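Below is one structure; the comments refer to it alone.
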Amino acid sequence: MNEAVKVASQDAALKPVAGPFTGNEAIARGVWEAGVKVAAAYPGTPSTEIMESVSKYPAADLHAQWSTNEKTALDVAIGASFAGVRAFAAMKHVGLNVAADALMSFSYIGVNAGLVIVVCDDPGIHSSQNEQDTRIFASFAQVPVIEPSDGQEALDFTKYAFELSEKFDTPVIVRATTRLSHTRSEVKVGARQDIQPRAFNENPSKNVMIPSNARNQHPKVLEREALVAEELASSPLNKVEINDTSVGVITMGLSYVYVKEVYPEASVLKLASSYPLSERLVRDFCDQVDRVIVVEELEPVVENALKVMGIRVEGKSLFPRVGEFSPEVVRDGFVNAGLLPEKIRKGNFDFAPMVRPPVLCSGCPHTSCFMALRALDGRVAGDIGCYTLSVVEPLKSMDTCVSMGSSIANAVGMAKAGTQTKPIIATIGDSTFLHSGIPPLIDAVYNQANITVFLLDNHITAMTGGQDHPGTGKTLRGEETARVDFVKLIKALGVEWCETVDSYDMASMYQSLREAVEFKGVSVVISDRPCVLDPQKIKGDPFKVDQNKCVACQSCMNLGCPALTWSSGWHEGRHKVEINPESCMGCSICAQICPTDSIAL
Amino acid sequence: MVEKRNGPTNVLIVGVGGQGVIMVSKVLAQLCQNHGYEVKQSEVHGMAKRGGGVFSHVRYGSAVWSPTIPEGEADVLLALEWAEALRWINFMNPDTGTFIADTQRIVPPFACRARGRGEEAGYAPQTPEEIMAQVRAGYAIDATSMAEDLGNLKAANTVLLGALSTTLEFPVEDWLEVIRGFVPPHSIDINMAAFAAGREWAQAGDKRVEESAKGLHKADVELQQQVITKLEITEEWCKGCDICVKMCPERCLRLNEQLVAELPDPSKCTGCRMCEWLCPDFAIKITNTPVLEAAE
Ligand SMILES: Cc1ncc(C[n+]2csc(CCOP(=O)(O)OP(=O)(O)O)c2C)c(N)n1
Ligand code: SF4
Ligand code: SF4
C-alpha cells in the first residue's frame, strides 16, 4: 500500500469520515495532511475554493496566499520548494497557460521538497473561455498528471502526488474537473504529516537553467518519464476490474464513474494517470479483453498513446471530443459501439426553456460604465470579469474579449492598425489589471497609442466569488496589508491623463469618458465603487417608480438591472416599469436615467 | 412515496441564483448522510449568483457512481421557481417521478425586452394548471406567499422541504433536526411552521392549484391595437447636439455627416416620444396614428 493511502486509513480509526466535502475541500484537506508549508493561487472557477479552504487551516501550519496571477503563484511555490518545504499551487486550466513559462523550465529543474499543482479543467465551459485539456499540457511539460475521480481520491491522490514528486524529482499536476471540484461527498480524513524541511540544495547545475545546464537536464527528464510510468503502472491507485471480457474499457477521472453508472458489466482499467502511461500496464489489460474502448473526457490523450503502442482501440469515434461527459453522453457512446440498447428518452414535454442568462447584479457598479460606453459608441476591447456580462443586450457594449489582460494590448493593436474611426477603449477590472494589465499599459504609453483605458475598480475579484487582491488591502486570511494606489501606479507608468469617477454618478461618467477619448495619447478613467455582493452585501433603501409619471419609454430598462421589471400598468401600448424592493439596492442609476423623473426614493 | 429501486434515489433541486438551491440540497444531503446512505451532491456555481439558473443533483443510496442524475431518472424535481421547474421537467422520471414547484415567478430582465405595442413579457407561458394536468404526481405551491404570510420570505424553501418530506422515507423529526442546524437561531420557529405548512399542503392532495398561482397579467386587448408611428425631423432646426441620439431608448437615431439627426431604420422606432420631449430645439415630431384611422 502506498504511503498516502496507509496514512489515511490509519487515521480513519481516529475520525472515520468528514464532510460532506466538495472535491475542492478534499484537495485542500490533502494539501494540509501532506504537510505543505507554502500554498499560493490565483482564483478561477472551478478551482477558487481550493485555496479558500486551504486558508481555513491554521496559519501556524502553512502559509496560504493569493498571488497576483498564476505564474506568480507557481513561482512562489517553486521558491518554497527550493527552500526545502512542500509547496502547492492551484489554478484553473487557462491559468496554467499563464504559469506555463515557469512550469516548462521547472520541469527540467525538478523539486527539492515536493511541489504539486492542482489544475481544474472545465469541460463543457461552464465558466471559462475555452475547454483545453490539461493532460496535454502535462505531457508537453513532461510532468506527471494524476486524475482523481471522486472526493476521497481527490484527498488521497493529492497526498500521493507529493510523494511521487519527491521520489522522482518532478513537479506533479493533479487534474480535477468542474464536476469533481463541485461535488460533495463523505471523505475519510487523516492527520497532518510532520514533514521536516530539507536543506537548500546548493546545486546551480540543477537549479539554474542556463543552456549548458538545461542540455544536461533534458535527458534526465526523459529518464524520469520512463521511471514514473513504471512506478504508476504498479500503483494501487489504478484499478483493474475484470468482468465481461468481451469489452475492456480504459478510463480515468470522472469518466470512470459514468462508465460504472451506465455499463457496470464491462471490464475496466481505471488509470490513476493519463501521462506518463506504462505500456506494460495497458497491454496486460488489453490482452485480457477482446475489444478495447477508451472513455476519456475532451482530448484523445490515452487513445493516441495506445495507438502509438500499436494497440487497436476505439475512443473518439464513439465519444465526443467536446463538452462535458454525463451518464447520457457516455451511454450514447456505448450505444454507438453497439454495446448498449438505445434508451428511449421518455420526457414528454417539448417546450423550449426560457432564456435566463446571468446578468450584472442590481446596483452593480459596472452597469453605469457600460451604459456610458454604449452611448459613446466606441470600439470596446473587453476583458474577463463580471463586466464581460455587458456583451449581451441591453448593455451590449463590448466588441472583443480574448483572455485575461488582453484588452489593453488589443486596443493598442486596434489603434495601430489605423482602420478604426471610433474612439478605442479598453475595459479592464481591477483584479485583471493587476493580474496582467500593467505590462500592456506600459506598452501603450511606450508606443504612444491613442487609446482610453477604463479601469473598472469594484475593489474585489468579483467574478470568482469575491477574492481579495493587492488592490483591496487585505490578504487571503483577511489581514490588513499594503494596498495598491491605482492612480499613483498609473501615473508612474507615464500616463498623463487619469481621472477617477464615482460609478454611481452617471453624468460625470459620461463627461469623463468624453474628455478621455478627446485626449490624444493614453488616457485612463477609473470607475470607483465597491461590488454590491462582496466582500459584503450592500443593500440600501429601494427606489420606487411613480406609476402616474412613468411614460413606459424603457430608458431605465436599458440598464438590464434585475430589480427593474414591467408592472401591470401600460402607457401607449408599452409596459410601465416597477422596482422589486427586495432586490433593488438603491444605487439611483435608474433614477438618474429616467427622463420624466418618475423614479425616486 | 418514491418507489424503492435498486439504484440510488435521485432528487434534482433547481432555482435561480440567490434563492438557496445549494442550502436546500445541503439539508437533504445531510439528512441522507445521517441515515447512513452514500450521498453525492453536485452543483455548478460560476455564473449562478448573477441571476442565472442554478441546479443541484442529490443522489443517495447504498452506492452512488455518477454525481449527476441521468436525464429522465429524477425521482423528485424540486423547483424554487416556476420557469426553472419547466426547464428541468424532462429530467423527471415521467412514470414514477414527482414534481414539486414554487409557483413564484422571477422574471429576468431578458424577458422584458420586447418593445412593440402590447407585447407580453417573454416569461414561460405554461401555467400550473397545464402542467399539473400532465405530470404523474405534482405539487404547484405558492410557497413564497405562504412564507410571506408566516413573516419571512426566506422560509419559502422550508415550505418546499415540507412538501418534499411527504415523498421521501425519512421521519419528520429527522427533517426538523437537520433544518434546525441550518437556519439562523432566531428564525427556527418560523422555519418549523413553514415546514409544517408545506407538509400539510402536500398531504391535502396533489395537483391542486391555488388562486394566487394562476397566470401572468395579460395585455389589455384595447392596448394591443396597432399604430403607425411617424418620426419627422425638421433638419434646419437641428443643431446636432446629440441629445436625442444619446437618449433614445431604442438607440435608433444617429447624426449624419452634416451632423443632423436621422432615423436610418424607422421600424426600430417605437414612438415613445423621448426625443420629441428632449430636443431643445423642437426639431423632432412624433405621431402615432392607429392603423384603423390611418386606413380611413
Ligand atoms: C488566466 C485566468 N485566470 C483566472 C480566470 C478566472 N477569472 C475570470 S474573471 C477573473 C477576475 C475578475 O476580476 P476583476 O477583473 O476585478 O473583475 P470583476 O469580476 O470584479 O468585475 C478571474 C479570476 C481566467 N478566466 N483566466
Ligand atoms: S458580483 Fe459585484 S461586480 Fe459582479 S455583477 Fe454583482 S455587483 Fe457587479
Ligand atoms: S436604484 Fe434602480 S438601477 Fe439601482 S438597483 Fe434599484 S432599480 Fe436597479
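Just so you know, all these numbers are worked out from the coordinates, no wet-lab data involved. Since we're looking at a predicted model, the values are computed, not measured. Please note: Cβ atoms are built from the backbone with ideal geometry, for glycine as well, and neighbour counts cover all protein chains shown.
Worth a mention:
- Stokes-Einstein diffusion coefficient of the stretch B:33-154, Kirkwood radius over Cα pairs, 4 °C, 1.567 mPa s, in µm²/s: 79 µm²/s
- Taking a Cβ cut-off of under 13 Å around B:Glu84, the surrounding Lys, Arg, Asp and Glu residues balance to a net charge of +1, with basic ones at +1 and acidic ones at -1.
- Over the stretch A:497-543, the hull volume per residue, using the convex hull of the C-alpha atoms, is 77 Å³.
- The gain in end-to-end length when the A:Arg215 to A:Lys396 segment is fully stretched comes to 60.0 nm, 0.36 nm per residue minus the alpha carbon separation.
- Unit charges at the beta carbon, dipole of the stretch B:9-213: most positive-side option, B:Val209, B:Leu161, B:Ala83: B:Ala83
- To the nearest ten degrees, helix B:172-182 and the longest principal axis of the Cα atoms of chain B are 50 degrees apart.
- The simple Förster model, with R0 at 60 Å and r as the Cβ-Cβ distance, assigns A:Arg477 and B:Asp281 a FRET efficiency of 0.50.
- Here the protein assembly as shown is assigned +1 on the Cβ of each Lys and Arg and -1 on the Cβ of each Asp and Glu. Its dipole about the Cα centre then comes out at about 1060 debye.
- Sparse packing (at most 14 other Cβ atoms within 10 Å of the Cβ) combined with a DSSP loop state is found for the following GluC sites (Glu not before Pro) in the stretch A:481-545: A:Glu496.
- With the alpha-carbon atoms of the stretch B:18-78 aligned to their principal axes, the span from lowest to highest coordinate is 36, 25, 18 Å, starting with the largest.
- Neighbour net charge for A:His218 - beta-carbon separation under 13 angstrom, K R +1, D E -1: +2
- Projecting label points 7 angstrom from Cα along Cα→Cβ for A:Lys239 and A:Ala191 puts them 2.9 nm apart.
- Hydrodynamic radius (Kirkwood) for the stretch A:239-336, which is based on Cα pairs only, to one decimal in Å: 13.1 Å
- Most positive-pole-ward Cα, B:Thr96, A:Gly114, A:Ala417, against dipole of the protein assembly as shown from beta carbon charges: A:Gly114
- Evaluated at q = 0.11, 0.21, 0.22 Å⁻¹: base-10 log I(q)/I(0), Debye formula over Cα of the stretch A:446-539: -0.38, -1.07, -1.11
- Unsatisfied cross-links (Cα-Cα over 21 Å) in the set A:Lys56/A:Lys539; A:Lys220/A:Lys270; A:Lys159/A:Lys239: A:Lys56/A:Lys539; A:Lys220/A:Lys270
- For the stretch A:452-601, taking Cα atoms only, Rg and Dmax work out to 18.7, 57 Å respectively.
- 27 Å Cα-Cα reach of B:Lys239 towards lysines, excluding residues that sit fewer than 8 places from it in its own chain: A:Lys422, A:Lys520, B:Lys230, B:Lys268, B:Lys285
- Dmax and Rg, reported as Rg then Dmax, of the stretch B:100-175 (C-alpha, Å): 16.2, 54
- A Cα-only calculation for the stretch A:544-600 places Rg and Dmax at 10.0, 29 Å.
- For the stretch B:151-210, size of Cβ-based charge dipole, Lys and Arg +1, Asp and Glu -1, in debye: 220 debye
- The stretch B:46-117, Cα convex hull volume normalised per residue, Å³: 127 Å³
- According to the calculation over all Cα-Cα pairs in the stretch B:226-295, the P(r) per 5 Å bin from zero is 3, 18, 29, 25, 13, 7, 4, 1 %.
- Around A:Gly478: net Lys/Arg minus Asp/Glu count, Cβ-Cβ under 12 Å: -1
- Between A:Asn203 and A:Lys488, the simple label model (points 7 Å from Cα in the Cβ direction) yields a spacing of 4.4 nm.
- The residues B:Val172, A:Val118, when put in order of fewest to most other Cβ atoms within 10 Å, stand as B:Val172, A:Val118.
- FRET efficiency, A:Val335 to B:Phe170 (Cβ-Cβ, R0 41 Å, nearest 0.05): 0.70
- Projecting the Cα positions of A:Asn207, B:Phe170, A:Met398 onto the charge dipole of the protein assembly as shown (unit charges on Cβ atoms of Lys, Arg, Asp and Glu, taken about the Cα centre) puts A:Asn207 furthest along the positive direction.
- Length gained on full extension, A:Glu342 to A:Lys520, computed as 0.36 nm times the residue gap minus the Cα-Cα distance: 57.6 nm.
- Along its three principal directions, the equivalent ellipsoid of the protein assembly as shown from the Cα gyration tensor extends over semi-axes of 49, 38, 25 Å, largest first.
- On the principal axes of its alpha carbon atoms, the stretch A:366-528 extends 48, 36, 29 Å, with the longest extent given first.
- q = 0.19, 0.33 Å⁻¹, the stretch A:248-295: log10 I(q)/I(0) [Debye, one scatterer per Cα]: -0.56, -1.33
- Long-range tail of P(r) for chain B (Cα pairs > 37 Å, %): 36 percent
- Assigned charges on the beta-carbon of Lys, Arg, Asp, Glu; chain B dipole about Cα centre (debye): 660 debye
- Nearest-0.05 FRET efficiency for A:Ala60 and B:Glu130, computed from C-beta distance (R0 60 Å): 0.50
- Fewest-first ranking of A:Tyr256, A:Tyr57, A:Tyr387, using other Cβ atoms within 10 Å as the exposure measure: A:Tyr57, A:Tyr256, A:Tyr387
- P(r) histogram, all alpha-carbon pairs of the stretch A:130-279 included - 10 Å bins from 0, percent: 10, 33, 33, 17, 6, 1
- When B:Cys241, A:Cys553, A:Cys369 are sorted by how many other C-beta atoms sit within 10 angstrom of their C-beta, beginning with the fewest, the order is B:Cys241, A:Cys369, A:Cys553.
- Debye intensity ratio in log₁₀ form over the Cα atoms of the stretch A:157-234, taken at each q of 0.16 Å⁻¹: -0.87
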